[in-house]
Structures are given as structure tokens and as C-alpha cells.
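Q: Structure provided below as C-alpha cells; questions to follow.
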Amino acid sequence: MEKFVEAGKIRSLGLSNWYVKELKEFLPQVSITPALVQNEIHPYYQENDVIPYIQSLGIVVQGWYPLGGRGHTAELLGDTVISEIAKAHGVSSAQIILRWNLQKGVVVIPGSSNPDHIRENTRLYDFSLTDGEMARINALDRGEKHDWY
Ligand SMILES: NC(=O)c1ccc[n+]([C@@H]2O[C@H](COP(=O)([O-])OP(=O)(O)OC[C@H]3O[C@@H](n4cnc5c(N)ncnc54)[C@H](OP(=O)(O)O)[C@@H]3O)[C@@H](O)[C@H]2O)c1
């Protein structure tokens, strides 16, 4: 892949489903630092040990399944804490989860085939979560991974 970057065929490289141990082994073996690592991240699976490590390397962290992934969204979007914070800001639970990621410096890629949801998921920049609200969502972590790749 590095050869394709050098040849100008690829602009940047990224990894998916890589964690601290894997990165510590892998990075010394490559000359081009990956631009991004894409991992499962949502309030019930927060990767709080992994995110700061990847960010400290200057690598962007991107979260997949930000809303829990298909089959799990109802529980996350209906979570009492998230719903309360959403009500306080007059936005949806999905927007609260996406904004929580952005405030942690995590890029999010919610999936949707609903134009209203897609529009809603881009409206994240006219409100912000307080430190207390961030802490309440951080406290929801239960190490509950929804998929393995
Ligand atoms: N790298 C990896 O190993 C990996 C693994 C899994 C997934 N991914 C990627 O992660 C991305 C997201 O995955 P995903 O779509 O499965 O999970 P997701 O974003 O957590 O959840 C998508 C579900 O949330 C619903 N949704 C989206 N916006 C909503 C809103 N504003 N209000 C209510 N419901 C909303 C969608 O329904 P509607 O269609 O009705 O909006 C859909 O059912 C995809 O690009 C996927 O390719 C990567």
C-alpha cells in the first residue's frame, strides 16, 4: 500500500479495527503513518483506553456503529440519560451521540437511508454538551461490543 502512495495512486492510508497492542507492533514496521483508524465506538462501547492513544500519535479516530449499529439503535437512542440530554437541548438522541463523539475529537460515520435522518445527523454545530453532560454519557460505557471484524 505504501508503494501505491509513493506512486501517487493513493493519497492516504487508513486502518480499521486496530487497537493499542496491534498498533504498537505495526507502526514501527511502516514508513507512512496511517491517516485514520476506524473502530467501533458508541456510548456502550467507548474505547476510552484506545482513543487517546491513537490521537496522541496524530492519527484521526473514526467511529463506526456510532448509533450502536443496526439492531441496537433503539436501546441507545432510547437510553434515559441520552434522551434527557437530548430533551434539554431540543435535539434528537442521535444528534447527542454524534455531538459527544465530535467533542471527543472522534469523526463519526452514521449510516442512514432516510433523508430526514441524514439531514438531522449533519446538524451538530449549533449546540454543545457541557462537561457534566459529557461525563454522564462517558459513564454509560459497559464495554458492550456489537460486532467483531
Ligand atoms: N470498519 C468496520 O469494520 C465497520 C463495521 C461496521 C460498520 N462500519 C461502517 O459504519 C457505518 C455505520 O454503520 P451502520 O449504519 O451499520 O450503524 P449506525 O450508524 O450505528 O446505525 C445505523 C442505523 O441507525 C439509524 N439512524 C441513522 N440516523 C438516525 C437518526 N438520526 N435517528 C434515528 N435513527 C437513525 C439508521 O436507520 P435509517 O436508515 O432509518 O436512518 C440505521 O438503522 C457504515 O458506513 C458502515 O459501513 C464499519
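Each value in this text was obtained by applying a stated rule to the coordinates, not by laboratory testing. Remember, it's a predicted structure, so these values are computed and weren't measured experimentally. Quick reminder, even Gly has a Cβ in these numbers, built from the backbone with ideal geometry, and neighbours come from all protein chains shown.
Q: Can you tell me what share of the DSSP beta bridges in the chain is antiparallel? A percent to the nearest 5 is fine.
A: Percent antiparallel among DSSP bridges in the chain is about 10.
Q: Now for a different question. When Lys and Arg each count +1 and Asp and Glu each count -1, what net charge do the other residues less than 11 Å away from Tyr45, Cβ to Cβ, add up to?
A: Charge balance near Tyr45 sits at -3.
Q: Ok, one more. I want to make sure I understand the PRE zone here: with the label point 7 angstrom from the Cα of Arg70 toward its beta carbon, which residues in the stretch 21-45 have backbone N atoms less than 17 Å away?
A: It comes to no residues whatsoever.
Q: A follow-up question, please. Just grab the label-to-label distance for His117 and Asp49, each label 7 Å out from Cα along the Cβ direction, in nm (one decimal).
A: 3.2 nm
Q: Next question. So for the chain, averaging the separation of alpha carbon pairs under 8 Å that are six or more residues apart and normalising by length, what relative contact order in percent results?
A: Relative contact order of the chain: 24 percent.
Q: Report relative contact order for the stretch 29-84 in percent, whole number only (criteria: Cα-Cα under 8 Å, sequence separation at least 6). Please list the in-between numbers first.
A: Working: 48 pairs, mean separation 20.4, N = 56.
Dividing the mean separation by the residue count of the stretch 29-84 yields 36 percent.
Q: For the chain, set up a Gaussian network in which alpha carbons nearer than 10 Å are linked by springs, and say which option among Asn121, Asn17, Asn39 fluctuates the most.
A: Asn17
Q: On to the next question. Lys pairs in the chain, Cα-Cα under 28 Å, at least 8 apart or on separate chains: how many?
A: Within the chain, the lysine pair count is 10.
Q: I've got another one for you. For a protection proxy built on the mean count of beta-carbon atoms within 10 angstrom, sort 135-146, 86-97 highest first, please.
A: Top of the packing list down: 86-97, 135-146.
Q: Once the chain is represented by equal point scatterers at the alpha-carbon sites, with solvent omitted, what log10 I(q)/I(0) does the Debye formula produce at q = 0.14 Å⁻¹?
A: -0.71
Q: Okay, next question. Work out the length of the dipole vector of the stretch 1-129 about its Cα centre, built from +1 on the beta-carbon of each Lys and Arg and -1 on the beta-carbon of each Asp and Glu, and round it to the nearest 20 debye.
A: Dipole magnitude for the stretch 1-129 comes out near 320 debye.
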